[in-house]
Structure formats: C-alpha cells, structure tokens
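The values are calculated or read from the model by the stated rules, or taken from the named source; none is laboratory data. Here the structure is a predicted model, which means the values were calculated and not measured. Ideal geometry is used to build each Cβ from the backbone, glycine not excepted, and the neighbour counts take in all protein chains shown. Quick note on the areas: whole protein, heavy atoms, side chains included, nothing else; ligands and nucleic acids left out. Shrake-Rupley method; radii C 1.70, N 1.55, O 1.52, S 1.80 Å.
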Amino acid sequence: MVREPSSPVKDKNYDLIHTLQLSLEHIWRMETYISDADARGDKELASWFRKIQENNRKAGEQGKQMLMERMKRENG
C-alpha cells in the first residue's frame, strides 16, 4: 500500500477545502461524461454518472455549509 505524503498545509480546514474543491470539480467533470454516454446512446452509463454527479452535488453543498459555519465560528 502506497502512502500519500502528508498535507502540505497544516491548516485545520485545508482538507475540507480541498475535498470541497474536488467535489465541485467532479460535478463539472460528470457533465462531460454524461454527454459522452448520451451521445453513444448508453443510458445506463449516463444514469450512473448522473447519480455520481448528484452525490458530489450533495457533498459539495454539505462541505460549503460546513466551511461557512467554521469560518463564522473562527471570525465571530
């Protein structure tokens, strides 16, 4: 098992922000995959990509909410 290097930034919110960015990026990336599957007539694959996109959308919303709450606590 290969271990990834530790986080380059030792800020407690770094992992949250990075994961939020990845979730939002995956929402965008799934659009391309859905379009590709639709263009090939692969409804099953397009449907699966839409489910992944929706899961990332939910995770992104949760992450944004969590980040906002943390920033309010730290600055309030």
With all protein chains present and a 1.4 Å probe, how do Met66, Met30 order by accessible area, largest first? Met66, Met30
Estimated 222 nm signal from helices in the chain, with DSSP H stretches of n ≥ 4 weighted -39500 (n - 2.57), rounded to 500: -28000 deg cm²/dmol
Straight-line reach from Lys72: which lysines have a Cα under 22 Å away, not including same-chain ones fewer than 8 places off? Lys10, Lys12, Lys58, Lys64
Positive-end residue of Trp48, His18, Met68, charge dipole of the chain with Cβ unit charges: Met68
Total charge dipole magnitude, the chain, about the Cα centre, Cβ charges on Lys, Arg, Asp, Glu only, Debye to nearest 20: 300 debye
Where does helix 14-39 land angle-wise versus the long Cα axis of the chain, in degrees 0 to 90, nearest 10? 10 degrees
Once you list every other residue whose beta carbon is under 13 Å from the beta carbon of Glu31, what net charge do they have if Lys and Arg are +1 and Asp and Glu are -1? -1
Taking a straight Cα-to-Cα line shorter than 19 Å from Lys51, and setting aside same-chain aspartates and glutamates fewer than 8 residues away, one finds Glu25, Glu31, Asp36, Asp38, Asp42, Glu61
Longest principal axis of the chain (C-alpha) makes with the long axis of helix 43-75 (C-alpha) an angle, in degrees to the nearest 10, of 10 degrees
Ignoring any ligand, DNA or RNA, what whole percent of the accessible area of the chain comes from carbon and sulfur when the probe is 1.4 angstrom? 54 percent
Relative contact order %, the chain, counting alpha carbon pairs below 8 Å whose residues are six or more apart: 36 percent
Considering only protein heavy atoms, with the full assembly of protein chains and a 1.4 angstrom probe, order Ile17, Ile34 by accessible area, largest first. Ile17, Ile34
(1) 3, 11, 11, 10, 8, 7, 6, 6, 7, 6, 6, 9, 8, 3, 0; (2) 3, 15, 18, 16, 14, 13, 10, 7, 3, 1, 0; (3) 3, 13, 12, 12, 11, 11, 10, 10, 8, 7, 3, 1, 0: which one is P(r) over Cα pairs in 5 Å bins from 0, in percent as calculated from this entry? (2)
